[in-house]
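I have placed the structure first, in the form of structure tokens, so that the comments after it can refer back to it.
The values are calculated or read from the model by the stated rules, or taken from the named source; none is laboratory data. No experiment lies behind these values; they were computed from the predicted model shown. Ideal geometry is used to build each Cβ from the backbone, glycine not excepted, and the neighbour counts take in all protein chains shown.
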There are 2 protein chains.
Amino acid sequence: MSPGRSFQRPKGMRDFLPEAMMLRSHIESAWREASIRHGFEEIDGPTFEHLDLYTVKSGDGIVSELFSFQRAGGNTDFALRPEFTPTLARMAAAQGRSMALPTKWFAMPDLFRAERPQKGRLREHRQWNVDCIGLPGPDADAEVIAVAITALRLLGLTSDDVRVRISHRGAAAALLEALGVPAHQMDDAFTLVDRRGKMPSQEFQAQAAGLGLDAPAVQRLDDIAATRIPATQGAASIAGTHGLPESAVADLVELEGHLAARGLLDACDWDLGIVRGLAYYTGTVWEIHDVAGDHRAVAGGGRYDQLVSLFGGPDLPACGFGMGDVVLGLLLQEKGLADAAMAAAPRPDVFIVSSGSDEAEARLVPLATSLRDNGFHVRHTHKATRNIGKQLREASGCNARHVLILGDELQQGDVTLKNLATGDQSIMPLADIAVAIGRSDAD
Amino acid sequence: MSPGRSFQRPKGMRDFLPEAMMLRSHIESAWREASIRHGFEEIDGPTFEHLDLYTVKSGDGIVSELFSFQRAGGNTDFALRPEFTPTLARMAAAQGRSMALPTKWFAMPDLFRAERPQKGRLREHRQWNVDCIGLPGPDADAEVIAVAITALRLLGLTSDDVRVRISHRGAAAALLEALGVPAHQMDDAFTLVDRRGKMPSQEFQAQAAGLGLDAPAVQRLDDIAATRIPATQGAASIAGTHGLPESAVADLVELEGHLAARGLLDACDWDLGIVRGLAYYTGTVWEIHDVAGDHRAVAGGGRYDQLVSLFGGPDLPACGFGMGDVVLGLLLQEKGLADAAMAAAPRPDVFIVSSGSDEAEARLVPLATSLRDNGFHVRHTHKATRNIGKQLREASGCNARHVLILGDELQQGDVTLKNLATGDQSIMPLADIAVAIGRSDAD
């Protein structure tokens, strides 16, 4: 034991002191509220899974991005979850044919990446996952996009701040095929294109060449990625813009109607530069980005119709998304929207001030206990001082709604109750306090 | 990639399908509510820490109980957090002299143990931690006990179900010293006595002998552990019962008054058989157990006045406790109190039923969107059927408060709203729906 030794937090990990925690709780409340309004039910899974749950889809290459381990003396490989979707698919597969369809689930797991931490990308983050299993049509894609937008609106972000960029694996594949990517390398091409902005252009061109993309094709990709068509212009226009057959954008044309029914067209762009890196997407894919383009994606998702069967379950269509708390938190702070978290934080209903008389001291804790038992958030000073002014400043400092003063009136069984917002103050019997506080809370 | 392969959840880990999640959310709500009523603020820390944060206090022996790992290509040892207190102490130490005192924090981390899973003890569990830093007196110990009891009462557990067993390291040390344990082996003796019920008695006796406890002393320990004195009898009676000097129970005598002021004496027993295994406790220690004695401890805590300075911070008194969700969940199920979680689960405010007419179909999603934007939890069928009876059954099945029927009246701009609890049904303009649902919710 070495007393006095100091310890550091691991790199890329976060401490949440009360103020940081208020922001996380504020974000989580918006996530939960948006999910529930749309009829999704909350689930969760283990923080670590068997390693092969992640390698089976992605190959051993993913191992270097995972925190993996064995139990001392054990021989089973585990890994901290880097994403929630494999857990979701495992849970859905385990339900098998008994699962009610559609199943609409959300979760808010902590996820882990064994990478060098960067701005907006830490080794641990909390990610909201929303998934709809059993619905094959674009109405489900529109619904999960609506859930994401509802949460962002609850947090104060408008379509001036963030926009949805929508693409489709089929359309993107048709484009990449036309640029020279063979079908069997399509998944690798998606992964590479997804990382385009995150590597030096020389490295990108070298890797692209290996997938059949020559320099003119890479230039063409850059042009495609720079082309965003407002969704209000109609998905059919994508085909014309990029020289694709209309069949390649048929799903998006249908999606357009479902977005319009939800009033979302104004919030969306068609953007075939979005492909998503993960191999399991099969149709519509989308990301939400800040309009200024200063950050990584706020959210990303799409359709993955083969996922549940890949994990041993029945053949079920599915779509969903993930939204992390790191980029979102940065954006809220940048836009001045993080202060709302403080306003939403728990406020004391009453701060009890004691005059220091024997009577007041004897009443203080039993009264606090009784009010707490009635559901109120009650505080009082823990300092030795019974200076009334200092206690009143402490009450203001913690943003209490009321101050209750145990003073000389206590000899008649009365106390002074002051509403700190209105300044209203009155003397009333102790027995009336709970009702008085409750009534003014309901105002 | 191996389609169709099935995957297992790791041993000792849990999937939370919606019903299990409702119970966990119900428990967490009670934890959070009890914390807030008493003025504690929520914090969190990283899911893994540097390994030496755990070995510095407990020695390398603890490594076999931890899930530890390095990043691929890295050389830093990490460990999944087995308890939250070291993180709390690290965070408090990092604040140093700038920390407001007292600091009252709570957290609800996932914790990990690399042990063989047993009933009530899994490899991952969620644990509520409540800590009060900066208050040296027994009023703080009484307050954290009160927080724990408030949460259990909110969940429906009474003192017929669970009781607090209170002890004191000083009193227990005086007893163990009298039985032959030398001062320098006292920490080891606490650890061993804490595990007494969890190992074969032969093994216990062998280990006890190494700490200076012979067979008669072990018998005496058994007698002590079997002696619980109702707290209403007064802490002074502990000294008489166990032949201790009154100075050894002075803290408990003071604690008694603070428990009495909170109306908690009826819920507590003095029990010097409680020592807590962890080396960092310095004074009062306590556990909450089910009265029937069928389970491990529901909660455990105490005073650890040297902890913050051990982690490089200032010398600060502190006390607190942890309460896990596993034993508590078992207990709630056993007592028939888990059903309350279902009742507290989110219910749809309205389920929209469509007659299937073009008009109804066109209105369905925009109406759902508008109601959701107004804060309501809205559902409708995702099935192809527009059979009214089947849709009504689906509405009842998900426990909706209201059904809104888009029928023939829609041609006049009207809809039918039915309250499923009262059976009241009326036809009203579409524009009045939000107000009507909101009003009846407030009833």
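Would you call residue A:150 out of contact with any strand residue (DSSP E or B) (no Cβ under 9 Å at 6 or more places or on another chain), within 10 Å of chain B (Cβ to nearest Cβ) and touching a residue at least 12 places away in the same chain (Cβ under 8 Å)?
It is true that residue A:150 is out of contact with any strand residue (DSSP E or B) (no Cβ under 9 Å at 6 or more places or on another chain), within 10 Å of chain B (Cβ to nearest Cβ) and touching a residue at least 12 places away in the same chain (Cβ under 8 Å).
If I ask for residues that are in a helix (DSSP H, G or I) and either at the interface with chain A (Cβ under 7 Å from one of its Cβ atoms) or buried (at least 19 other Cβ atoms within 10 Å of the Cβ) (or both), which ones from region B:33-42 would you list?
Residues satisfying the conditions are B:34, B:35, B:36, B:37.
Looking only at residues in region A:175-216 that are crowded, with 20+ Cβ neighbours inside 10 Å and of a type in the set (Gly, Ala, Ser), which one is farthest from residue A:234 (Cα to Cα)?
Checked region A:175-216; the qualifying residue farthest from residue A:234 (Cα to Cα) is A:208.
Taking the residues in region B:266-283 that are over 23 Å from residue B:188 (Cα atoms) and surrounded by 19 or more Cβ atoms within 10 Å (Cβ to Cβ) as candidates, determine which candidate is nearest to the other protein chains (Cβ to nearest Cβ). Lay out the reasoning, then the answer.
Restricting attention to region B:266-283, the residues satisfying the condition of being over 23 Å from residue B:188 (Cα atoms) are B:266-269.
Narrowing the set further to residues that are surrounded by 19 or more Cβ atoms within 10 Å (Cβ to Cβ) leaves B:267-269.
Working: B:267: 12, B:268: 15, B:269: 20 Å.
Across region B:266-283, the extreme among qualifying residues is B:267.
Can you pull out every residue in region B:373-411 that is β-branched (Val, Ile, Thr), crowded, with 21+ Cβ neighbours inside 10 Å and within 26 Å of residue B:19 (Cβ to Cβ)?
B:378, B:403 - these are the residues of region B:373-411 that are β-branched (Val, Ile, Thr), crowded, with 21+ Cβ neighbours inside 10 Å and within 26 Å of residue B:19 (Cβ to Cβ).
Only residues that are in contact with a Lys or Arg (Cβ under 9 Å, 6 or more places away or on another chain) and either buried (at least 18 other Cβ atoms within 10 Å of the Cβ) or small (Gly, Ala, Ser) (or both): list them for region A:431-443, please.
If we filter region A:431-443 for residues that are in contact with a Lys or Arg (Cβ under 9 Å, 6 or more places away or on another chain), which is where we start, we get A:437, A:440-441.
If the condition is that a residue be in contact with a Lys or Arg (Cβ under 9 Å, 6 or more places away or on another chain) and either buried (at least 18 other Cβ atoms within 10 Å of the Cβ) or small (Gly, Ala, Ser) (or both), then A:437, A:440 are the ones that fit.
Out of A:376, A:351, which single residue is part of a loop (DSSP other than H, G, I, E, B) and either out of contact with any helix residue (DSSP H, G or I) (no Cβ under 8 Å at 6 or more places or on another chain) or within 14 Å of another protein chain (Cβ to nearest Cβ) (or both)?
Being part of a loop (DSSP other than H, G, I, E, B) and either out of contact with any helix residue (DSSP H, G or I) (no Cβ under 8 Å at 6 or more places or on another chain) or within 14 Å of another protein chain (Cβ to nearest Cβ) (or both) holds for just one of A:376, A:351, which is A:376.
Report, by residue number, each residue of region B:412-430 that is surrounded by fewer than 12 Cβ atoms within 10 Å (Cβ to Cβ) and in contact with a helix residue (DSSP H, G or I) (Cβ under 8 Å, 6 or more places away or on another chain).
B:413
Mind checking whether some residue in region B:379-399 is at pLDDT 95 or above, among the β-branched types (Val, Ile, Thr) and in a loop (DSSP other than H, G, I, E, B)?
yes
Quick one: how many residues across region A:207-237 are of a type in the set (Val, Ile, Thr) and modelled with pLDDT of 95 or more?
Here the count works out to 2.
Please go through region B:418-430 and pick out each residue that is over 15 Å from residue B:359 (Cα atoms) and in contact (Cβ under 8 Å) with a residue 24 or more places away in the chain.
B:420, the sole residue that qualifies.
Among the numbered conditions (1) over 24 Å from residue A:327 (Cα atoms); (2) under 16 Å from the mean Cα position of the chain (by Cα), tell me where residue A:76 comes up short.
(2)
Residues to consider are B:294, B:325, B:269; find the one that is modelled with pLDDT under 95 and either over 24 Å from residue B:22 (Cα atoms) or not hydrophobic (A, V, I, L, M, F, W, C) (or both).
B:294
How many of the residues in region B:285-312 are closer than 14 Å to residue B:132 by Cα and away from every other protein chain (no Cβ under 14 Å)?
Number of matching residues: 3.
Tell me which residues, restricted to region A:8-62, are out of contact with any helix residue (DSSP H, G or I) (no Cβ under 9 Å at 6 or more places or on another chain) and of a type in the set (Val, Ile, Thr).
If the condition is that a residue be out of contact with any helix residue (DSSP H, G or I) (no Cβ under 9 Å at 6 or more places or on another chain) and of a type in the set (Val, Ile, Thr), then A:36, A:47 are the ones that fit.
If I go through region B:64-103 residue by residue, how many of them are outside any loop (DSSP other than H, G, I, E, B) and either out of contact with any helix residue (DSSP H, G or I) (no Cβ under 8 Å at 6 or more places or on another chain) or within 19 Å of residue B:47 (Cα to Cα) (or both)?
Looking only at that region, the number is 21.
Filter region B:353-372 for residues that are of a type in the set (Ser, Thr, Tyr) and within 44 Å of the chain's Cα centre (by Cα); which is surrounded by the fewest Cβ atoms within 10 Å (Cβ to Cβ)?
In this case the residue turns out to be B:370.
Report, by residue number, each residue of region A:124-140 that is in a strand (DSSP E or B) and either out of contact with any Cys (no Cβ under 9 Å at 6 or more places or on another chain) or surrounded by fewer than 24 Cβ atoms within 10 Å (Cβ to Cβ) (or both). Explain how you work it out, then say what you get.
Of the residues in region A:124-140, the ones in a strand (DSSP E or B) are A:124-133.
Those that are in a strand (DSSP E or B) and either out of contact with any Cys (no Cβ under 9 Å at 6 or more places or on another chain) or surrounded by fewer than 24 Cβ atoms within 10 Å (Cβ to Cβ) (or both): A:124, A:125, A:126, A:127, A:128, A:129, A:130.
So residue A:26 clears everything in (1) under 18 Å from residue B:375 (Cβ atoms); (2) at the interface with another protein chain (Cβ under 8 Å from one of its Cβ atoms) except one condition, right? Which one?
(2)
Can you name every residue in region A:252-262 that is over 14 Å from residue A:165 (Cβ atoms) and in contact with a helix residue (DSSP H, G or I) (Cβ under 6 Å, 6 or more places away or on another chain)? Give the steps one after another, and end with the answer.
Taking region A:252-262 first, the residues over 14 Å from residue A:165 (Cβ atoms) are A:253-254, A:256-258, A:260-262.
Correct list: A:253, A:254, A:258, A:261, A:262.
Looking for something surrounded by fewer than 19 Cβ atoms within 10 Å (Cβ to Cβ) and at pLDDT below 95 - is there at least one such residue anywhere in region B:43-54?
Yes.
Is it fair to say residue A:19 is out of contact with any His (no Cβ under 7 Å at 6 or more places or on another chain), farther than 18 Å from residue A:309 by Cβ, within 7 Å of another protein chain (Cβ to nearest Cβ) and surrounded by fewer than 23 Cβ atoms within 10 Å (Cβ to Cβ)?
no
Return yes or no: is residue B:384 closer than 23 Å to residue A:132 by Cα, in contact with a strand residue (DSSP E or B) (Cβ under 6 Å, 6 or more places away or on another chain) and among the hydrophobic types (A, V, I, L, M, F, W, C)?
no
Just checking, does region A:12-26 include any residue being in contact (Cβ under 8 Å) with a residue 24 or more places away in the chain and in a strand (DSSP E or B)?
No, every residue in region A:12-26 fails to be in contact (Cβ under 8 Å) with a residue 24 or more places away in the chain and in a strand (DSSP E or B).
Listed here are the residues, each with its yes/no results for (1) assigned to a helix (DSSP H, G or I); (2) at pLDDT 95 or above.
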| position | (1), (2) |
| --- | --- |
| B:147 | yes, yes |
| B:158 | no, yes |
| B:163 | no, yes |
| B:175 | yes, no |
| B:180 | no, no |
| B:187 | yes, no |
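Among the residues of region B:315-348, write down those that are among the charged types (D, E, K, R), without any contact (Cβ under 8 Å) to a residue 12 or more places away in the chain and either touching a strand residue (DSSP E or B) at 6+ places or on another chain (Cβ under 8 Å) or assigned to a loop (DSSP other than H, G, I, E, B) (or both).
The answer is B:315, and nothing else.
For region A:409-434, which residues satisfy the criterion of being under 20 Å from residue A:391 (Cα atoms) and of a type outside the set (A, V, I, L, M)?
Selection gives A:409, A:414, A:416, A:418, A:419, A:422, A:423, A:424, A:425, A:426.
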